[in-house]
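The values are calculated or read from the model by the stated rules, or taken from the named source; none is laboratory data. Owing to the predicted nature of the structure, the values given are computational and were not obtained by experimental measurement. Neighbour counts are summed over all protein chains in view; Cβ atoms, including those assigned to glycine, are modelled from backbone coordinates with ideal geometry.
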Amino acid sequence: MDIYLASTSPRRRQLMAEITPGFIRISPMAEEKEYPAFTPKEKAVRRSKDKCIAAINMLKNTDAVIISSDTVVDLDGETLDKPVDQADAYRIISALSQHFHYVHTAVTVYFEGSLFTFCDTTQVHFKHIPDEVIREYVKTDIPYDKRGRYGIQTPFGQEYIDKIDGDYYTVVGLPVKKLKKLLKFLNIV
């Protein structure tokens, strides 16, 4: 049985390889909808399902296993998408300083005609980030492909994240333990 990871994220590919090295990466064209009436957690779940459905429609292979995921950063109920410009990146990193936020990563698995979805949440606490550090950081390329404007695995994240309450891999973008548990339950791995 073929296992597909519907993701363009290099971080998700690395994490998926820890579960099963024999997967196939695909990039379905799923429109990322805003869902303004949804909470950040509900958005992660819906977007994960949208990506999986787009992959199903792309492959047209009902025997395949398809895994999709979406990560939403939740700062006081506001969904933080990728920054639009340097000012936006600066605003958000400043708001994260000495504050906590939530990272919701939803995963959807298509198997034997059914969708199985779960969402894992981790709370992330930041230390004080000096203004001059923020100004230099937003001049780099790092914050612009990340929803919260940071990567927990980057030197910036390692230096300024004080602690997390939950799963590190949820923040990276794929809750490995929970996904592996679901795949074992479904007898996929």
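Scanning the range 87-116 for residues that are surrounded by fewer than 20 Cβ atoms within 10 Å (Cβ to Cβ), of a type in the set (A, V, I, L, M) and assigned to a strand (DSSP E or B) yields a count of 1. For the range 143-173, taking the residues that are assigned to a strand (DSSP E or B) and within 18 Å of the chain's Cα centre (by Cα), the one that is surrounded by the most Cβ atoms within 10 Å (Cβ to Cβ) is identified as 161. Whether a residue is closer than 17 Å to residue 172 by Cα, among the aliphatic types (A, V, I, L, M) and not in a helix (DSSP H, G or I) was assessed, and residue 84 does not pass this test. The residues in the range 79-93 that are within 15 Å of residue 121 (Cβ to Cβ) and modelled with pLDDT of 90 or more can be counted, and the count is 1.
Within the range 143-167, restricting attention to residues that are aliphatic (A, V, I, L, M) and modelled with pLDDT of 95 or more, the residue that is farthest from residue 124 (Cα to Cα) is 161.
Residue 140 fulfils the conditions (1) at pLDDT below 95; (2) under 18 Å from the mean Cα position of the chain (by Cα) except for a single criterion, (2). Can you name the residue in the range 33-73 that is among the hydroxyl-bearing types (Ser, Thr, Tyr) and out of contact with any Ser or Thr (no Cβ under 8 Å at 6 or more places or on another chain) and, of all such residues, is farthest from residue 120 (Cα to Cα)? So, considering only residues that are among the hydroxyl-bearing types (Ser, Thr, Tyr) and out of contact with any Ser or Thr (no Cβ under 8 Å at 6 or more places or on another chain), the one farthest from residue 120 (Cα to Cα) is 62. Each residue in the range 1-40 was checked for being touching a strand residue (DSSP E or B) at 6+ places or on another chain (Cβ under 8 Å), of a type in the set (D, E, K, R) and over 15 Å from residue 173 (Cβ atoms), and 1 of them qualify.
Determine whether the range 122-130 contains at least one residue that is touching a Cys at 6+ places or on another chain (Cβ under 8 Å), surrounded by 19 or more Cβ atoms within 10 Å (Cβ to Cβ), on the phi < 0 side of the Ramachandran plot and outside any helix (DSSP H, G or I). Checking the range 122-130: not a single residue is touching a Cys at 6+ places or on another chain (Cβ under 8 Å), surrounded by 19 or more Cβ atoms within 10 Å (Cβ to Cβ), on the phi < 0 side of the Ramachandran plot and outside any helix (DSSP H, G or I).
Residue 181 - would you say it is exposed (fewer than 15 other Cβ atoms within 10 Å of the Cβ), at pLDDT 95 or above and part of a strand (DSSP E or B)? No. Counting only strands (runs of 3 or more DSSP E) that sit wholly inside the range 1-78, those with at least 1 residues that are surrounded by 19 or more Cβ atoms within 10 Å (Cβ to Cβ) and modelled with pLDDT of 95 or more are 3-6, 65-75.
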